[in-house]
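Single-structure report; data block below.
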Amino acid sequence: MTTTNQPGQTMQTARSLQRLYFIRAGFSILWVVLVSALAKTNTGIATVLFIIYPAWDALATYFDIQANPPAANKTPQYVNALISIATTAGVTLALQKGIPEALIVFGVWAILTGLIQLILGLRRRKQFGGQWPMMISGAQSMLAGGAFIAMAHQPNQGITTLAGYAAFGAFYFLLTAFRLSKTIKAEA
């Protein structure tokens with residue numbers, strides 16, 4: 001990440017990212033609860049939840065862009081937002097064919113956005129430290145995406161397959177948010 005580090009800028013960015021990570025974790029937890037409670041019994045809700053997840057990622061990426069200083073290189077976030085918007089449309093279209101097709105789209109998305117998350121974690125670790133949960137999450141997302149694609153056509157695969165993925169995402173966002181507290185205290 002290329003930035004001109006003005007006094008207090010690191011702390012302000014760290015606080016903004018910390019807030020965003022707590023919100024992202026909360027969303028993921030709520031999504032997992034809704035999927036676990038409702039998706040198996042209500043296909044309409046399952047469909048909406050399938051579409052909402054990548055749409056939320058696009059919106060959260062927008063907030064990530066806003067959290068960073070103007071001089072920061074935001075190319076990975078812009079690419080991520082575009083991929084998430086395309087995935088939202090792709091999942092919507094794929095669901096018309098079936099769950100396996102939607103899982104494949106979701107899997108490709110998880111691989112691509114996981115790679116971007118890994119890259120962002122590597123870039124941010126020098127400025128903010130403690131980005132290892134984001135780097136692990138990115139790598140795990142890439143592996144999970146491959147698994148979604150591989151098991152898409154197995155019987156009984158559906159949106160509940162994605163609940164573990166979202167739960168781990170929440171866990172890693174919480175870890176990173178708590179780790180950013182150290183950066184915020186060091187800058188204070």
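Tell me which label goes with the value of mean projected area of the Cα convex hull in nm² computed from the coordinates here: [x] 9.5; [y] 11.1; [z] 29.8. Identified label for the calculated read-out: [x]. Calculated accessible area for region 121-188 comes out at 50 Å² per residue, all protein chains present (probe 1.4 Å; ligands, DNA, RNA ignored). Nonpolar atom fraction for region 86-188, defined as the carbon and sulfur part of the 1.4 Å probe accessible area, stands at 68 percent. Computed with a 1.4 Å probe over protein heavy atoms only, the accessible surface of region 18-110 comes to 47 Å² per residue. Identify all lysines with a Cα-Cα distance to LYS126 below 17 Å; exclude those on the same chain that are fewer than 8 residues away in sequence. List returned: LYS74, LYS182, LYS185.
The values are calculated or read from the model by the stated rules, or taken from the named source; none is laboratory data. Everything numeric here is computed off the predicted structure, so don't read it as measured data. Just the protein is used for accessible areas: all its heavy atoms, side chains included, with ligands, DNA and RNA removed. Shrake-Rupley method; radii C 1.70, N 1.55, O 1.52, S 1.80 Å.
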